[in-house]
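Please read the structure below before turning to the comments.
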Amino acid sequence: MSIEVKNITKFYEQQKALDNVSFSIKKGEIVGFLGPNGAGKSTMMKIITGFVNASEGDVLVSNFNIETTKIDAQKNIGYLPEHNPLYLEMYVKEYLLFNAGIHKVSKNEVDKIIVKVGLQPEAHKKINQLSKGYRQRVGLAAALLHNPEVLILDEPTTGLDPNQLVEIRNLIKEIGKDKTVLFSTHIMQEVEAICDRVILINKGKIIADKKLNELRGNQDQVLEVEFDFKIEKQFIETIPYLKSADNIHDTSWLLTFNTTKDMRPVVFDFAHDNGLKTLQLNAKNKNLESLFRELTT
Ligand SMILES: Nc1ncnc2c1ncn2[C@@H]1O[C@H](COP(=O)(O)OP(=O)(O)OP(=O)(O)O)[C@@H](O)[C@H]1O
């Protein structure tokens with residue numbers, strides 16, 4: 001395992017920010033850490049990276065305990081904190097060389113990282129002359145310099161315009177091909193765009209830890225269908241996998257199925273075989289965004 005979080009609880013004085021949180025992330029996974037404001041995402045990331053101590057529990061990064069073997073653990077971690085603290089008066093390359101010095105990384109590596117994160121066009125500028133998207137690239141470059149196995153990115157896309165957003169998401173996806181990545185966000189679409197697993201946290205507790213397709217697969221399938229004639233409910237109930245059928249009005253029905261199989265062709269054939277015409281047939285499934293809202297409110 002690249003990251004193992006075992007029964008972490010964190011108190012800030014009386015307030016419990018994390019409540020017995022456990023999860024593990026395998027080498028090479030990109031995991032979205034999703035939750036509303038104040039859920040405990042940043043606190044969890046600060047504990048994983050060793051900047052804050054837990055009140056209870058243990059974290060291992062690349063098998064090193066973050067509290068008892070902090071230096072070894074931190075060698076394996078690249079961290080982009082929430083507000084990406086950069087020295088704004090420094091030139092991009094100067095800043096990265098400064099970081100390279102701290103990690104005892106060669107100048108050569110700095111040039112490679114600049115190319116990797118697409119900073120070449122802006123590398124000659126001062127950091128305070130850069131757009132937010134390019135500042136994020138500088139933060140990412142600094143996090144990647146010592147070639148860590150694990151990347152912890154705290155809301156890396158917050159405040160970016162739509163173009164920069166797509167660029168940074170693609171970059172994270174690209175970097176994630178050979179790193180373990182945990183990144184936080186409160187945007188479900190972002191998780192869908194970048195990763196295949198999501199850990200959902202709310203009020204300090206993990207409320208879901210699933211592959212995205214499992215999350216989707218757990219949902220009932222809901223179809224809204226309109227026929228050209230009024231029919232009896234018991235007639236509709238002969239359709240397989242039907243969980244419930246609600247008559248919205250005269251000839252329109254809301255059908256809920258308990259299967260992942262696409263039921264639209266089945267409903268269409270049912271109508272055809274029984275001399276009915278299908279005037280409308282729409283999938284009404286909740287998207288993951290509304291599922292997230294349901295789980296966290
Ligand atoms: N240093 C601190 N002292 C006291 N309370 C804190 C401290 N840092 C965080 N908290 C509290 O702990 C809870 C979790 O905060 P945290 O920043 O971890 O949430 P988050 O999920 O990262 O939120 P956001 O999405 O808004 O960044 C919040 O109620 C917050 O007010």
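In the stretch 2-50, which residue that is more than 8 Å from the ligand (Cβ to nearest atom) and aromatic (F, W, Y) is farthest from H186 (Cα to Cα)?
Among those residues, the one meeting the criterion is F11.
Would you check which residues across the stretch 160-187 are of a type in the set (D, E) and outside any helix (DSSP H, G or I) and list them?
Step one: list which residues in the stretch 160-187 are of a type in the set (D, E), which gives 161, 167, 174, 178.
Listed by number, the residues that qualify are D161, D178.
Which one of these does D72 not meet: (1) touching a strand residue (DSSP E or B) at 6+ places or on another chain (Cβ under 6 Å); (2) outside any helix (DSSP H, G or I)?
Result: D72 passes all but (2).
Determine, yes or no, whether E94 is free of Cβ contacts under 8 Å to residues at least 24 places away in the same chain, in the same structural domain as A17 (by TED's automatic domain parsing) and not in a loop (DSSP other than H, G, I, E, B).
yes
Can you tell me which of (1) assigned to a strand (DSSP E or B); (2) at pLDDT below 90; (3) more than 16 Å from the ligand (Cβ to nearest atom) is the one A208 doesn't meet?
Status for A208: all satisfied but (3).
Could you list all residues from the stretch 55-99 that are touching a Lys or Arg at 6+ places or on another chain (Cβ under 9 Å), more than 13 Å from V138 (Cα to Cα) and not charged (D, E, K, R)?
S55, G57, V59, L60, S62, F64 - these are the residues of the stretch 55-99 that are touching a Lys or Arg at 6+ places or on another chain (Cβ under 9 Å), more than 13 Å from V138 (Cα to Cα) and not charged (D, E, K, R).
Residues T158, T180: which one is touching a Gly at 6+ places or on another chain (Cβ under 7 Å) and not small (G, A, S)?
Details: T158 fails: touching a Gly at 6+ places or on another chain (Cβ under 7 Å).
One residue alone meets the criteria, T180.
With respect to S62, determine if the residue is away from the ligand (no atom under 12 Å from the Cβ), at positive phi and surrounded by 15 or more Cβ atoms within 10 Å (Cβ to Cβ). Write out each step before concluding.
Details: away from the ligand (no atom under 12 Å from the Cβ): yes; at positive phi: yes; surrounded by 15 or more Cβ atoms within 10 Å (Cβ to Cβ): yes.
In short, yes.
Within the stretch 175-188, can one find any residue that is assigned by TED's automatic domain parsing to the domain that holds D19, among the basic types (K, R), over 18 Å from the mean Cα position of the chain (by Cα) and crowded, with 16+ Cβ neighbours inside 10 Å? Spell out the reasoning first.
Start the filter on the stretch 175-188 by keeping residues that are assigned by TED's automatic domain parsing to the domain that holds D19, which leaves 175-188.
Next, only the ones that are among the basic types (K, R) stay: 177, 179.
If we keep only those that are over 18 Å from the mean Cα position of the chain (by Cα) too, we end up with none.
For the stretch 175-188, residues assigned by TED's automatic domain parsing to the domain that holds D19, among the basic types (K, R), over 18 Å from the mean Cα position of the chain (by Cα) and crowded, with 16+ Cβ neighbours inside 10 Å: absent.
What number of residues within the stretch 1-37 satisfy the criterion of being assigned to a loop (DSSP other than H, G, I, E, B) and over 13 Å from L200 (Cα atoms)?
Of the stretch 1-37, the ones assigned to a loop (DSSP other than H, G, I, E, B) are 1-2, 13-14, 26-29, 35-37.
Checking the rest, the ones that are also over 13 Å from L200 (Cα atoms) come to 1-2, 13-14, 26-29.
Number of matching residues: 8.
The values are calculated or read from the model by the stated rules, or taken from the named source; none is laboratory data. As the structure is a computational prediction, the values presented were derived from the model and not from experiment. Note that we place each Cβ from the backbone using ideal geometry, even for glycine, and neighbour counts take in every protein chain shown.
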